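Enquirer: Sharing a structure below in structure tokens format, with a few things to ask.
No lab work stands behind these numbers, since they all come straight from the coordinates. Computed from a prediction, not measured in an experiment: that's the story for all the values here. Note that we place each Cβ from the backbone using ideal geometry, even for glycine, and neighbour counts take in every protein chain shown.
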Amino acid sequence: MAKSKSEKVLAENRKARHDYFIEQGFEAGLELVGTEVKSIRNGRSNLKDSYAEVRNGEIFVRNLHVSPYEQGNIFNVDPLRDRKLLLHKSEIYKLDALASQDGYTLVPLSLYLKNGRVKMHLGVGKGKKNYDKRDSMLERDHKRDIDREMKEKYK
């Protein structure tokens, strides 16, 4: 019998989809130390303003805030430290090539548990201009209105 792949979303960067056109997504593992896993499992992490960068053939996430574990000891680490992403070399080269294009960046989209391991969904995004953001909001409003009308019509 096949093992079910349960994925529990622990943190989500909702602002990323508002600020970027996400063109591709990748799954990456996180190199965590000490009680960081317990803190992330408790939902004490924040992806807001975080980004990823390639340094010396490795990818690091910056500004990922993981609050110290409350029952932890003096060995709790810095909440905003850089965390290494675990990817294959070919994926790192591909992400480096995509991110080095003008206007593109690597944006963490979500943290989730997959088979007991903390994973990150990393997206390659191009920044939106203000008029793009307004267009997206208008489209979302129109879609919501249409759905509301359809729901009332077929009630």
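Enquirer: What is the Cα centroid distance between the range 104-155 and the range 9-50, reported in whole angstrom?
Expert: Computed from Cα coordinates, the inter-centre distance equals 15 Å.
Enquirer: Based on the Kirkwood radius over alpha-carbon pairs, what is the Stokes-Einstein translational diffusion coefficient of the range 8-128 at 20 °C with 1.002 mPa s viscosity, in µm²/s? Could the numbers behind the result be given before it?
Expert: Details: Rh = 14.6 Å.
The calculation lands on 147 µm²/s.
Enquirer: Still on this model: How would you order 31-38, 131-138, 98-105, 44-51 from highest to lowest mean count of nearby Cβ atoms within 10 Å?
Expert: 44-51, 31-38, 98-105, 131-138
Enquirer: Take the range 78-132, drop everything but the C-alpha atoms, weight them equally and run the Debye formula without solvent; then report log10 I(q)/I(0) at 0.22, 0.23 Å⁻¹ to two decimals.
Expert: After summing over all Cα pairs, the log10 values are -1.02, -1.06.
Enquirer: Any idea what angle helix 130-153 forms with the longest principal axis of the chain, computed on alpha-carbon atoms, 0 to 90 degrees, nearest 10?
Expert: Roughly 60 degrees between the two axes.
Enquirer: Continuing with this model, one more query. Taking neighbour Cβ counts within 10 Å as the exposure measure, how do Phe75, Phe26 sort from fewest upward? Before the final figure, lay out the partial values.
Expert: Numbers: Phe75 9, Phe26 20.
Result, fewest neighbours first: Phe75, Phe26.
Enquirer: Expressed as a rounded percentage, what relative contact order does the range 8-128 have, with Cα pairs under 8 Å and six or more residues apart?
Expert: Numbers: 251 pairs, mean separation 46.0, N = 121.
Once divided by the residue count of the range 8-128, the mean separation gives 38 percent.
Enquirer: In whole percent, what relative contact order does the range 78-137 give with Cα contacts below 8 Å and a gap of six or more residues? Spell out each step's value before the answer.
Expert: Details: 45 pairs, mean separation 14.8, N = 60.
Rounded, it is 25 percent for the range 78-137.
Enquirer: Rank the residues Ile92, Ile40 as a footprinting-exposure proxy: fewest other Cβ atoms within 10 Å of their Cβ go first.
Expert: Values: Ile92 17, Ile40 22.
Taking fewest neighbouring Cβ atoms as first place, the list is Ile92, Ile40.
Enquirer: Show the residues, 5+ positions off or on another chain, whose built amide H is closer than 5 Å to the amide H of Lys128.
Expert: Sorted by chain and number, the residues that satisfy this are Tyr20, Phe21.
Enquirer: What is the gain in length, in nm to one decimal, between Leu138 and Met150 on full extension, counting 0.36 nm per residue of separation less the C-alpha to C-alpha distance? If you can, show how the numbers build up before the last one.
Expert: On the way: separation 12, 0.36 × 12 = 4.32 nm, distance 1.83 nm.
Separation in residues times 0.36 nm, less the Cα-Cα distance, equals 2.5 nm.
Enquirer: Identify, among Leu113, Phe75, Ser6, the residue whose Cα sits farthest towards the positive end of the charge dipole of the chain, taking +1 on the Cβ of Lys and Arg and -1 on the Cβ of Asp and Glu, with the dipole about the Cα centre.
Expert: The residue sitting most towards the positive pole is Ser6.
Enquirer: Can you give the angle from 0 to 90° between the axis of helix 89-99 and the longest principal axis of the chain, with both taken from C-alpha atoms, to the nearest 10?
Expert: Once rounded, one gets 50 degrees.
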